[in-house]
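Inspection log for the structure reproduced underneath, given as structure tokens.
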Ligand code: NAD
């Protein structure tokens, strides 16, 4: 992106800890923009439960219009106990998140699960398995498979209720997400593990065949295939052996949460959901959000970890803005603050300094100076 062109961001903070961590994310974004001469335009909009309370729907038309006019969406998180009794189709996640992904064709979900060497104690698995930290990237297909296939309903068959979900993947959908994963692996350690269930599902047979075809264009990347059940075990047994993990929608949803857990705290992990590349350029529209939810158990207490939101800002600057230097600087500032011993409650142990949401944001902004 031309650094003089305005970088427009639709800001959707949402519910629970969403607005708390978003405040820190925006401070970091504005600091990076000032330092790197990025002309930033922010458009704050309602989403999720906050939008239901204010205007009666989780994704109001004004919010969608603001997203359409933007280069990227910076998202907090949505949902919470207050809205759980609404009909399923009106609930914040179902009525805001899934439509946003579908509307903008955000087919590629990138979730880095990074466990910094200083934070291995936060991982629930044996210390010897995560010693020195690890860095796995999950590339999940986000707009196909069981979540969107039709028919999808609960019906009556042979006199009893029967639920139907449909798993459908077109070869073109598999090919485009595979390319994203191979490109990512090329810029990392060059190892790609593709996940499927080819021993049982026709979807898995096609998935494996297309991924293997795409691999011909990436001789520098070592491809291996794992059945999803084996992958779930191997991730716990030896997380450091993985580099990039490629999975369809449902398997990626489950495995990326497993990776997040192994990495320690959800509060550390960002995500990017990307659409197609536009105009032959290297930037693309995307939605950026922490991997966790609204954390109702700690919302309003000022203790949430803002790092997932802050690292989501870095991913946004990189993928939708092309501002690599600003993105790397934010990631470096986060690492230096962790190395200096600052910890929010979710990653705190021993003698480290326990800080709240805004103190962590302050420290990261200071480290960027
Ligand atoms: P959650 O991710 O909100 O919380 C799980 C645990 O992780 C909690 O103990 C929480 O305190 C902790 N946690 C999460 N983020 C943290 C942070 N930044 N700092 C410190 N600790 C953090 O998952 P949940 O409890 O299953 O869901 C709560 C609500 O969030 C539900 O309504 C759910 O539907 C919604 N949700 C929304 C999204 C989204 O908007 N993308 C994603 C997941 C869940």
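Within region 123-143, identify whether any single residue is in contact (Cβ under 8 Å) with a residue 60 or more places away in the chain, outside the structural domain of residue 343 (by TED's automatic domain parsing), more than 26 Å from residue 307 (Cβ to Cβ) and surrounded by 18 or more Cβ atoms within 10 Å (Cβ to Cβ), and answer yes or no. Checking region 123-143: at least one residue is in contact (Cβ under 8 Å) with a residue 60 or more places away in the chain, outside the structural domain of residue 343 (by TED's automatic domain parsing), more than 26 Å from residue 307 (Cβ to Cβ) and surrounded by 18 or more Cβ atoms within 10 Å (Cβ to Cβ). Taking each residue of region 76-93 that is in the same structural domain as residue 152 (by TED's automatic domain parsing) and in contact (Cβ under 8 Å) with a residue 24 or more places away in the chain and looking for partners that are within 8 Å of the ligand (Cβ to nearest atom) and outside any helix (DSSP H, G or I) with beta-carbon atoms closer than 6 Å, six or more apart or interchain, yields nothing.
The set of residues from region 203-213 being touching a residue at least 40 places away in the same chain (Cβ under 8 Å) and touching a helix residue (DSSP H, G or I) at 6+ places or on another chain (Cβ under 6 Å) comprises just one member, 207.
Under 21 Å from residue 8 (Cα atoms), outside the structural domain of residue 142 (by TED's automatic domain parsing), part of a strand (DSSP E or B) and more than 14 Å from the ligand (Cβ to nearest atom): is that true of residue 319 in this structure? No, not satisfied. Candidates 194, 172: the one that is part of a strand (DSSP E or B) and within 30 Å of residue 283 (Cα to Cα) is 194.
It is to be established whether one or more residues within region 111-122 are part of a loop (DSSP other than H, G, I, E, B) and touching a helix residue (DSSP H, G or I) at 6+ places or on another chain (Cβ under 8 Å). Walk me through it before giving the result.
In the first step, residues of region 111-122 are kept if they are part of a loop (DSSP other than H, G, I, E, B); the result is 116.
Checking the rest, the ones that are also touching a helix residue (DSSP H, G or I) at 6+ places or on another chain (Cβ under 8 Å) come to 116.
So far as region 111-122 goes, yes, one or more of its residues are part of a loop (DSSP other than H, G, I, E, B) and touching a helix residue (DSSP H, G or I) at 6+ places or on another chain (Cβ under 8 Å).
Quick grid of which residues meet (1) farther than 26 Å from residue 34 by Cα; (2) more than 16 Å from the ligand (Cβ to nearest atom); (3) in the same structural domain as residue 143 (by TED's automatic domain parsing):
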| residue | (1), (2), (3) |
| --- | --- |
| 242 | yes, yes, yes |
| 255 | yes, no, yes |
| 282 | no, yes, no |
| 287 | no, no, no |
| 295 | yes, no, no |
| 310 | no, no, no |
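For residues that are closer than 17 Å to residue 300 by Cβ and either touching a strand residue (DSSP E or B) at 6+ places or on another chain (Cβ under 8 Å) or in a loop (DSSP other than H, G, I, E, B) (or both), tally how many sit in region 338-354. Of the residues in region 338-354, 2 are closer than 17 Å to residue 300 by Cβ and either touching a strand residue (DSSP E or B) at 6+ places or on another chain (Cβ under 8 Å) or in a loop (DSSP other than H, G, I, E, B) (or both).
Here is a check on your reading of the model: is residue 110 surrounded by fewer than 18 Cβ atoms within 10 Å (Cβ to Cβ) and either in the same structural domain as residue 245 (by TED's automatic domain parsing) or farther than 22 Å from residue 6 by Cα (or both)? For residue 110, the condition - surrounded by fewer than 18 Cβ atoms within 10 Å (Cβ to Cβ) and either in the same structural domain as residue 245 (by TED's automatic domain parsing) or farther than 22 Å from residue 6 by Cα (or both) - is not met. The numbered conditions (1) part of a loop (DSSP other than H, G, I, E, B); (2) within 16 Å of the ligand (Cβ to nearest atom); (3) touching a helix residue (DSSP H, G or I) at 6+ places or on another chain (Cβ under 8 Å) are all true for residue 220 except (2). Just so you know, in region 68-94 the residues that are buried (at least 23 other Cβ atoms within 10 Å of the Cβ) and not in a loop (DSSP other than H, G, I, E, B) include one that is nearest to the ligand (Cβ to nearest atom), and it is 77. Checked against the criteria, residue 37 does not count as more than 12 Å from the ligand (Cβ to nearest atom), closer than 27 Å to residue 153 by Cβ and surrounded by fewer than 19 Cβ atoms within 10 Å (Cβ to Cβ).
The values are calculated or read from the model by the stated rules, or taken from the named source; none is laboratory data. Values in this document were obtained by computation on a predicted structure and should not be read as measured data. Quick reminder, even Gly has a Cβ in these numbers, built from the backbone with ideal geometry, and neighbours come from all protein chains shown.
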